[in-house]
Amino acid sequence: MAFVDKTLEDMLREIHVTNTLRYDVIVPAMDPRCPKEFAPPVKYDHVPSPQEVGLGRRLWAIVSKHYNGDLRVMDRIRARRGENAVLAEASPDMSPIAMALENAFYHGNRENPELPVQFMAFEGETGIVASVKDSGAGFDFRNVIEKARAGFGKFEGKRRIYLFQPDERYFQRWGTCFWSFMIYPVDVSFEDSGSRVNMLFRDSERYDGARTLDSV
């Protein structure tokens, strides 16, 4: 994985885009499957209570099962790459795309089901590019990127890195979305002050279920 300084147009040129896979505008309030009450966004300066964990899992089920499952873009990426492994045994949908969608609804839109999230995916000769844009004001993504990189430095001496980090590190440094970005072979960039995240998945790369420090 790499955090890169590329626009969506740069990524589309890199894969020699040939067609549009998805162009969706998702508004939870218009979907009868979604509850109208969302969990409040978690705070990143404390370890969550059991109640907060339960609320987060409820929201995660909404985003992952309903939207990421419907979009099916990760299925296409894995098929093109010949991947058999999943990001986590307990949740095969915990992919960079699913995590980006969760962050868009949860943090970008501040759990407001009336606000839209835009999702686009493009297929090219050498890979797939996906883009998620929320309706929020953005965030200091450069600071979060540096915290994520610093967090990986804590794993010195360990050869394999899995998806979930300790709760203390999750809430003090960065979230599961950035952890997924760090582990999975994907180029990630941000635009519009951080309200848009772009993900480039090259056919030449492959996820095998874990990463080593040498590949980060």
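The values are calculated or read from the model by the stated rules, or taken from the named source; none is laboratory data. Computed from a predicted structure; not experimentally measured. Using ideal geometry, Cβ is built from the backbone for each residue, glycine included, and neighbour counts are taken over all protein chains shown.
Have a look at Thr18, Thr7 and point out the one that is at pLDDT 85 or above, over 26 Å from Glu114 (Cα atoms) and surrounded by 12 or more Cβ atoms within 10 Å (Cβ to Cβ).
Within the list Thr18, Thr7, the selection yields Thr7.
Name the residues in the stretch 21-31 that are surrounded by fewer than 13 Cβ atoms within 10 Å (Cβ to Cβ), aliphatic (A, V, I, L, M) and under 20 Å from the mean Cα position of the chain (by Cα), would you?
Of everything in the stretch 21-31, just one residue is surrounded by fewer than 13 Cβ atoms within 10 Å (Cβ to Cβ), aliphatic (A, V, I, L, M) and under 20 Å from the mean Cα position of the chain (by Cα), namely Val25.
Quickly run through the stretch 113-125 and pick out the residues that are surrounded by 16 or more Cβ atoms within 10 Å (Cβ to Cβ) and either in contact with a Lys or Arg (Cβ under 7 Å, 6 or more places away or on another chain) or closer than 18 Å to His66 by Cβ (or both).
If the condition is that a residue be surrounded by 16 or more Cβ atoms within 10 Å (Cβ to Cβ) and either in contact with a Lys or Arg (Cβ under 7 Å, 6 or more places away or on another chain) or closer than 18 Å to His66 by Cβ (or both), then Pro113, Leu115, Pro116, Val117, Gln118, Phe119, Met120, Ala121 are the ones that fit.
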